[in-house]
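Shown next, in structure tokens, is the structure this report addresses.
What follows is calculated from the coordinates using simple rules that are stated; it is not laboratory data. As the structure is a prediction and not an experimental result, all values here were calculated from the model. Note: ideal-geometry Cβ built from the backbone for every residue, glycine included; neighbour counts use all protein chains shown.
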Amino acid sequence: MATTDGRPAFDRLRNSVRQFDVSGKILLMPDMAPFGVRLLASCFRAFGVEAVVMETYKALSLGREFTSGKECFPCQVTLGDILHYLLREKDRLGSSFSPERYVYFMPEADGPCRFGMYNKLQKMVLDRFDEFRDIPICYLSTNNAYATGSIMPADRSPAFRKLSYICVIIADVLDRIGWRVRPYEWRPGMTDAFLDEGLGALRSAIESEGAGIDFSKLFRITEEIAATAATFIDPHKPRRPRIGIVGEIYLRSHPDSNQNIVRQIELYGGEVVNASIAEWINFIAYDRDVKLRRQCKLFWKEGSHGTLRHWWRQWTDIQMERFYQAWRQGQVYRMVMRHLDIQPDHGMGSIERRLEGERLFSFAIGTEAALSIGGALEYAHHDFDGVVNVFPFTCMPSTVCAAVLKPLLHKMRLPYLDAPYDGAIQPNREVAMRTFLYQAKQHLEARLNGRNDKANP
Ligand code: SF4
């Protein structure tokens, strides 16, 4: 297997899909969770990387043209996004378009999921365009818990990592504020407009002061957003059935790909809580912790003390990281919940206890299925009135999750809906959604008689 210039294809992939210092480059980021990706782009900008969130879902046909149909939907969407952006950029700049200025950012995951191969596949597609061949792909990987050491100068990486984690949490909280307030707002559209303003204020604060890792200004803005948003709730509107979303992270977070499922549910009378982005980041750190602990035990038994020291150091690092994550996440949620009763995030420990208690699945099997099954059980035990599993058509972990959740939640008499997406419009989706919401309302009525009086505790 060789490229046209004679170099082995695998070497080319290794050299052009890698982790390297992206300072001074234009970093092209695919859109996903709208608040999250924009705050992350601002984190990069605070550290001298000109990060751009690409326009999304404008060229799905391009993504489809260059894939075989065996890939998952997120691969087609993100491929369409990068090709659309680059083709337009080339048209805009003409002869001054220079590929060396750009880096395409496409994280990857290890394990059984195909996602780990998408950046390689997308590089092969970019190589088919002469003018895009020299654009490298930079990734963060679950393999080392999204270590940022090699994509930033070493002295800046720890600060970037802290800032980006804080921004993930703040973005999650902004989402939760929107989901809690929007269904009950006094005037349609006021919550969205206000949150967009808040996002702008947060982005400017991150870009101007974020690198100093003094987060007090970010916290102050976030708290003010929560306090003001709480006043948008009309207390005369009765509390709606609460619907918990689980599923594949890209599909459940990317509104265009999931045909705006959150808005759909709100339209048909529900209040939504989607699984957070931090849940996935925390899971990756947790998973690494478990793997390192296993390695340490192994080397201890073997008496390989030199190797044990190396693994032990890594294990203590991940312990500190997990401690930092839990502390920061708790800090931001507590601050917001002083003003508004958003849904707290569930921790890895409680999800694992649910899974182990019911003996349904195990974190040891890995993949997002563990999180989705555990997350759905958490919703069930926290007075939710329905669960929706959102995933790309043919997604392997989500299909496993559906197989476990459907009979289980049926037994618990909690309404459940599978929502697979591949870009096609399913004519029966609306009927399924409306029926599901009707069941959720009945579930709510059976559970309580719903006065919405907890917005300002
Ligand atoms: S998680 Fe699902 S959608 Fe994502 S790559 Fe794996 S199988 Fe595909």
Local electrostatic count at THR394 - Lys and Arg +1, Asp and Glu -1, tallied over other residues with Cβ under 12 Å
-1
How far, in degrees from 0 to 90, does helix 115-126 lean away from the longest principal axis of the Cα atoms of the chain, to the nearest 10?
50
Check the straight Cα-Cα distances from LYS406 and name the aspartates and glutamates below 17 Å, setting aside those fewer than 8 residues away within the same chain.
GLU248, GLU358, GLU368, GLU378, ASP385, ASP418
Would you mind pulling out the separation of the Cα centroids of segment 182-258 and segment 34-94, in Å?
24
Relative to the longest principal axis of the chain, what angle (0 to 90°, nearest 10) does the C-alpha long axis of helix 305-337 take?
40
Coil-residue trypsin sites (Lys or Arg not before Pro) of segment 1-85, DSSP, other Cβ within 10 Å capped at 11:
LYS70
What nm distance separates the two modelled labels at MET117 and SER96, each placed 7 Å from Cα along Cα→Cβ?
4.2
Which distance in Å, rounded to a whole number, links the C-alpha centroids of segment 118-153 and segment 320-338?
31
Test of understanding: ordering CYS43, CYS138 by Cβ neighbours within 10 Å, fewest first, what list do you get?
CYS138, CYS43
Sorted by Cβ neighbour density within 10 Å, fewest at the top, the residues VAL332, VAL290:
VAL290, VAL332
Spherically averaged projected area in nm², based on the convex hull that wraps the Cα atoms of segment 334-416:
6.2
Likely footprinting exposure, VAL262, VAL22, fewest C-beta neighbours within 10 Å first:
VAL22, VAL262
Equivalent ellipsoid semi-axes - Cα gyration tensor, the chain, angstrom
35, 27, 25
If you stretched the chain out fully between ALA154 and VAL290, how much longer would it get, using 0.36 nm times the residue separation minus the C-alpha to C-alpha distance?
46.3 nm
Relative to a virtual label point 7 Å from the Cα of ASP418 in the Cα→beta-carbon direction, which members of segment 360-375 show backbone nitrogen distances below 20 Å?
360-362, 367-375
With an 8 Å cut-off on Cα pairs and a minimum separation of 6 or more residues, tell me the relative contact order of segment 263-349 in percent.
36
If I take every Cα pair under 8 Å that is 6 or more residues apart in segment 163-231, average their sequence separation and divide by the length, what percent do I get for the relative contact order?
38
At a threshold of 8 angstrom on Cα-Cα distance, excluding pairs fewer than six apart, so keeping six or more, what relative contact order does segment 1-156 reach in percent?
28
Sum of -39500 (n - 2.57) over DSSP H runs of 4+, divided by residues of the chain (222 nm, nearest 500):
-18000 deg cm²/dmol
At 7 Å along the Cα-to-beta-carbon direction for both ASP110 and LEU360, put a label point, then send me their distance in nm to one decimal.
2.9
Under a point spin-label approximation (7 Å from Cα along Cα-to-Cβ), what is the GLU430-MET190 distance to one decimal in nm?
2.9
Just list whichever of LYS25/LYS90; LYS217/LYS291; LYS58/LYS441; LYS70/LYS90 have alpha carbons separated by over 27 Å in the model shown.
LYS217/LYS291; LYS58/LYS441; LYS70/LYS90
